[in-house]
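Student: This is the structure, below, for whatever I ask next.
The values are calculated or read from the model by the stated rules, or taken from the named source; none is laboratory data. Small disclaimer: the values here were computed from a predicted structure and weren't measured. Using ideal geometry, Cβ is built from the backbone for each residue, glycine included, and neighbour counts are taken over all protein chains shown. For the accessible areas, the whole protein counts, side chains as well, though only heavy atoms, and no ligand, DNA or RNA atoms are used. Shrake-Rupley method; radii C 1.70, N 1.55, O 1.52, S 1.80 Å.
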Amino acid sequence: MKNKILKTYEKIAQSYHKMIDYKPHNAFYDRPNTLSLFPENIKDFEILDAACGPGKYAEILLSQGAHVTGFDFSPKMVDLAKKRNSNHQENFFVHNLNDPLDLFNDQQFDIVLCALALDYIQDWHAVMGEFNRVLKPNGRLIISTTHPFFDHLYFKSKKYFKPQAVSTNWTSFGKGVKMHSFKRSLHDTIAPITENGFYIEKFLEPKPTVEMKKSDPKTYKKLMNFPSFLCIKALKYS
């Protein structure tokens, strides 16, 4: 699974990078809702952008005065993040989210961001434990992921409670590619967070912005009636 996911992201990295500023699900759905969970003032905050992709989130957070460190398991994505954030190239490197965050000290970051990447991780407990370790006391974890109910319906699952490896065809990045991920229940989404030293401050079932209504009215209508993603802000308490 890891190799299949990596191969797909390496294949679409360039087109993903080119489209990230305006692709509706990213620009008008995930990003504005996830960013709404950040404090209003993040100047001088130490932020870890876990699975940073081509560095769009990092670009926004850096522009607001934060110190951002980003990693991704795709070397091509990391190269693109460096190009996008050319004054901070040394802050981006290749690392797999499945592996321990050994390069970071305990209590190093004020915020850990992980946007649309946890779908590719089978066991969230180890990841959440590492996120907790590298966060300062009262640090915040901000994540976005596919909504479990969306996956359940999309994949026509007959066993909601059973974690499952799934795949679907992505056609938005030029040539179609098969993307692999893991489907899980709402319990298996929440429990790894609350069982690894966090409590949930805000649970957001996002709605698209009005910009999506103009660029993709069909998807806008769907997302106004049923969510594809969910966004969570959690506070470290131990």
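Student: Considering only 182, 223, 196, whose Cα is most displaced toward the positive end of the charge dipole of the range 90-238, charges sitting on Cβ of Lys, Arg (+1) and Asp, Glu (-1)?
Tutor: 223
Student: Could you tell me the relative contact order of the range 39-83? Use alpha-carbon pairs under 8 Å, at least six residues apart, and round to a whole percent.
Tutor: Computed value for the range 39-83: 45 percent relative contact order.
Student: While we're on this one: Please report, in Å, the Rg and the Dmax of the range 1-114, where both are computed over Cα atoms only.
Tutor: That works out to 13.7, 39 Å for Rg and Dmax.
Student: Under Stokes-Einstein, with the Kirkwood radius over Cα pairs standing in for Rh, what whole-number D in µm²/s applies to the range 1-62 at 4 °C and 1.567 mPa s? Show your work: numbers first, answer last.
Tutor: On the way: Rh = 13.2 Å.
This corresponds to a translational diffusion coefficient of 98 µm²/s.
Student: Got a sec? What order do 60, 20 fall in by accessible area at 1.4 Å, biggest, i.e. largest, first?
Tutor: On the way: 60 35, 20 10 Å².
Descending accessible area places them as 60, 20.
Student: Taking the solvent-accessible surface of protein heavy atoms with a 1.4 Å probe, what is the per residue accessible area of the chain in Å²?
Tutor: 49
Student: Also, I was wondering about something else. Which order do 154, 29 take when ranked by solvent-accessible area (1.4 Å probe, heavy atoms of all protein chains), largest first? The partial results should precede the final answer.
Tutor: On the way: 154 110, 29 0 Å².
Highest to lowest solvent-accessible surface, that is 154, 29.
Student: Still on this structure: Which value, in Å² rounded to 10, gives the accessible area of residue 133 with a 1.4 Å probe and all protein chains present?
Tutor: 60
Student: May I pose another question? In the chain, carbon and sulfur make up what percent of the accessible area (probe 1.4 Å)? The partial results should precede the final answer.
Tutor: Numbers: 6000 of 11730 Å².
Of all accessible area on the chain, carbon and sulfur atoms account for 51 percent.
Student: Mind putting a number on the dipole of the chain about its Cα centre? Charges go on the C-beta only, +1 for Lys and Arg and -1 for Asp and Glu, and I need it in Debye to the nearest 20.
Tutor: 1300
Student: Straight-line reach from residue 162: which lysines have a Cα under 27 Å away, not including same-chain ones fewer than 8 places off?
Tutor: Output for residue 162: 2, 4, 7, 178, 183, 202, 222, 233.
Student: Compute for the range 119-238: radius of gyration divided by Kirkwood radius, i.e. Rg/Rh, restricted to C-alpha atoms, rounded to two decimals. Spell out each step's value before the answer.
Tutor: Details: Rg = 16.0 Å, Rh = 15.9 Å.
We get a ratio of 1.01 for the range 119-238.
Student: Also, quick follow-up: Extension gain residue 200-residue 22, at 0.36 nm per residue separation less the Cα-Cα distance, in nm?
Tutor: 61.1 nm is the gain from fully extending residue 200 to residue 22.
Student: Is the C-alpha gyration tensor of the range 168-238 telling us rounded, prolate or oblate? Criteria: a/c under 1.5 is rounded; beyond that, a/b larger than b/c is prolate, otherwise oblate.
Tutor: Note, shape of the range 168-238 comes out oblate.
Student: Quick one: divide the alpha-carbon radius of gyration of the range 60-170 by 2.2 N^0.38 Å and tell me what you get. Walk me through the numbers on the way to the answer.
Tutor: On the way: Rg = 16.1 Å, N = 111, 2.2 N^0.38 = 13.2 Å.
With N residues counted in the range 60-170, Rg over 2.2 N^0.38 Å equals 1.22.
Student: Which percent, to the nearest 5, of DSSP beta bridges fully inside the chain are antiparallel?
Tutor: Expressed as a percentage, antiparallel bridges in the chain total about 55.
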